[in-house]
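S.K.: To start, I am sharing the structure in question, which I have written as structure tokens.
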Amino acid sequence: MRGRAFPELTLGTPHERLESVRALRVWAEQEAEDAIEWYLRDKRLKRFGSRLIRALMIVLATTGTVIPLAGTATGADIQSWGYVFLAAAAGCKGFDYFFGLSTAWMRDITAAQALRGELNEFRLAWSAELLRDVTGVPEQTLIERRMLLIGGLAGKLRTHLESETADWTAEFRAGLQQFQDQAAALPAPREAGAAER
């Protein structure tokens, strides 16, 4: 996820300072929109991958179940092929679990919705700020109030992204650890010399 360039600020006249605040608001909103769009794009890709893997898993598991039945009905010796298809189905399940395709696209939806909620909340607060009667309010007070709103949006955006990244990292590490534990639990292959004795 690439960040946008920070806007150039003009600090001359009061009008220029308020324009700088407006540019910061646009920047913060675009950062949030970019993050939302990234999660929605990522969701589409992972949803497609998840559905493809799950469909393949269903086809392989069904085939692995039907082959022994067909072998029994026809008298053909093809039962062992059922195990091959069932093992491939289990491999698909393991692939989905290890790479987190099914859980990742659900997380993407949740993150995009949360960010959209934060952005909408900010826009409502900004609109309320603009509609407020500012007669006699010093320019510095206006700038400070509006900067608090912008800083709040930027902070909430960062918090969501950091939390999502931490969740993804924890899930990846847990999957990797489980994979390593399962690999370590497998019996060691016997050496050729030991087999001959």
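S.K.: Got a sec? What order do Ser127, Ser50 fall in by accessible area at 1.4 Å, biggest, i.e. largest, first?
M.R.: Order by accessible area, largest first: Ser127, Ser50.
S.K.: Would you kindly derive the ³J(HN,Hα) couplings of segment 119-130 from the backbone phi angles with the Karplus curve 6.51 cos²θ - 1.76 cosθ + 1.60 (θ = phi - 60°), listing them in order in whole Hz, with x for Gly and Pro?
M.R.: Listing the rounded values in order: 5, 5, 4, 4, 5, 5, 5, 5, 4, 4, 5, 5 Hz.
S.K.: Right, another one. Restricting to DSSP H runs of at least four residues, report the calculated mean residue ellipticity at 222 nm for the chain, -39500 (n - 2.57) per run over all residues, nearest 500 deg cm²/dmol.
M.R.: -30500 deg cm²/dmol
S.K.: Straight-line reach from Lys156: which lysines have Cα under 23 Å away, leaving out those fewer than 8 places along the same chain?
M.R.: Answer for Lys156, where 23 Å is the Cα cut-off: Lys43, listed by chain and number.
S.K.: May I ask you to compute the full-extension gain from Glu139 to Ala23, defined as 0.36 nm times their residue separation minus their alpha-carbon distance, rounded to one decimal in nm?
M.R.: Length gained, Glu139 through Ala23: 40.1 nm.
S.K.: Taking the alpha-carbon distance from Lys93 and a cut-off under 19 Å, which aspartates and glutamates remain once sequence neighbours fewer than 8 residues away in the same chain are dropped?
M.R.: Result set, ordered by chain and number: Glu171, Asp181.
S.K.: Would you please put 32-42, 58-68 in order of how densely packed they are, using the mean number of other Cβ atoms within 10 angstrom per residue and starting with the highest?
M.R.: Ranked by mean Cβ neighbours within 10 Å, highest first: 32-42, 58-68.
S.K.: How large, in Å, is segment 118-172 by the Kirkwood hydrodynamic radius built from its alpha-carbon pairs?
M.R.: 13.1 Å
S.K.: Let me ask another. On the first, second and third principal axes, largest extent first, how far apart are the outermost C-alpha atoms of the chain in Å?
M.R.: Projected onto its principal axes, the Cα set of the chain covers 94, 43, 20 Å.
The values are calculated or read from the model by the stated rules, or taken from the named source; none is laboratory data. Computed from a predicted structure; not experimentally measured. As a convention, Cβ positions derive from the backbone with ideal geometry for all residues, glycine included, and neighbour counts pool all protein chains shown. Surface areas here come from the heavy atoms of the whole protein model, side chains and all, with no ligands, DNA or RNA. Shrake-Rupley method; radii C 1.70, N 1.55, O 1.52, S 1.80 Å.
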